[in-house]
Amino acid sequence: MDLTSNDTRTKTLMRQQSIKNFKIKMAFQPIVDIFKHKIVAYEALVRGELGEPAQDILSSVDACHQYQFDQQCRFRAIQTAVALQLKNQLFVNFCPNVIKSPSLHMQSLNQLTNHFNFPKTQLVLELTESEEIIDLNKVIKLRQYYQENGLKVAIDDFGSGYAGLGWLVKIHPDVVKLDMSLVENVDQDKYKKAIIQGIIVTCEQLNIMLLAEGVETMMEYWTLKKLGIRYMQGYLFAKPQLGSLTHSLKPLPKHPSRNRHSA
């Protein structure tokens, strides 16, 4: 491949998509099938060029540049994933409120995946519950476009935000990610266990993949595993790696512990 030519084409694509050059990088955290103790996907998490946390970067983006920032996060996630030769599914966050036209957004996404030769079937777009949806009909239309083009949709932070079960009815996600507020110390909280059991039953009946994020202790791991959750993500398995992929999982301790890992 002619790298100079490819770099020129990438810069042209950035101009076409009105991508502002925010100084960001991507960190990747694995998603694990605990039944097989195997990495099945990665989530791309935005960081500063020196690894600064996401909140520091997000707080510096003003309202008039949120769409361009959202665009560049997807751009960098896919660009870096391709450079790292990622073959698993890639989970990428998106902000529906900054998207003005679902059809133009899908056109832009097609252009981006085609440019990097990244299969759309590997892409899972995460809709966060921490943000109140202004136009639910627009999100439903986005979901339709994604489905028609082979992309999957995940509801992130499920159980902590605005809509809860209502989003399952309206959006029909492929994946639900349990918020870490439900996961933290779940082994000590019968209310959390009961809520998670209800979510498990609902997801099983709707054929939705359920994933617990923020798993940090062996007690949480064993409790969630006993409840029937197969897919997990968290510091217990691996921390996000800036610009690189975790290829092998560290062995889990043989004895459960309640000590949570520091961020």
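Odds and ends about this structure:
- Just one of the listed residues (Lys170, Lys141) is open to solvent by 10 Å² or more (accessible area, probe 1.4 Å), within 27 Å of Asn88 (Cα to Cα) and in contact with a helix residue (DSSP H, G or I) (Cβ under 8 Å, 6 or more places away or on another chain), and it is Lys141.
- Counted residues, segment 184-228 - those being part of a loop (DSSP other than H, G, I, E, B) and surrounded by fewer than 22 Cβ atoms within 10 Å (Cβ to Cβ): 7
- For segment 91-135, a residue qualifies if it is touching a residue at least 24 places away in the same chain (Cβ under 8 Å), more than 18 Å from the chain's Cα centre (by Cα) and exposed (fewer than 15 other Cβ atoms within 10 Å of the Cβ), and the qualifying residues are Lys100, Ser103, Asn110, Gln111, Asn117, Ile134, Asp135.
- Pairs are defined by a Cβ separation below 6 Å, a sequence spacing of at least 6 or placement on different chains, a first member in segment 210-230 that is closer than 21 Å to Pro240 by Cβ, and a second member that is assigned to a helix (DSSP H, G or I) and of a type in the set (Ser, Thr, Tyr); the pairs so defined are Val215/Tyr221.
- Extreme residue, farthest from the chain's Cα centre (by Cα), among residues of segment 229-244 that are among the polar types (S, T, N, Q) and not in a loop (DSSP other than H, G, I, E, B): Gln241
- Any chance Glu49 is open to solvent by 20 Å² or more (accessible area, probe 1.4 Å) and acidic (Asp, Glu): yes
- So Ser181, is it in contact with a Ser or Thr (Cβ under 7 Å, 6 or more places away or on another chain) and part of a helix (DSSP H, G or I): yes
- Complete set of residues in segment 52-90 that are outside any helix (DSSP H, G or I) and exposed (fewer than 13 other Cβ atoms within 10 Å of the Cβ): Ser59, Asp62, Gln85, Lys87
The values are calculated or read from the model by the stated rules, or taken from the named source; none is laboratory data. Please read these numbers as outputs of a predicted model, since none were measured by experiment. Note that each Cβ is placed from the backbone with ideal geometry, even for glycine, and that neighbours are counted across all protein chains shown. Accessible surface is based on the protein model in full, side chains and every heavy atom, while ligands, DNA and RNA are left aside. Shrake-Rupley method; radii C 1.70, N 1.55, O 1.52, S 1.80 Å.
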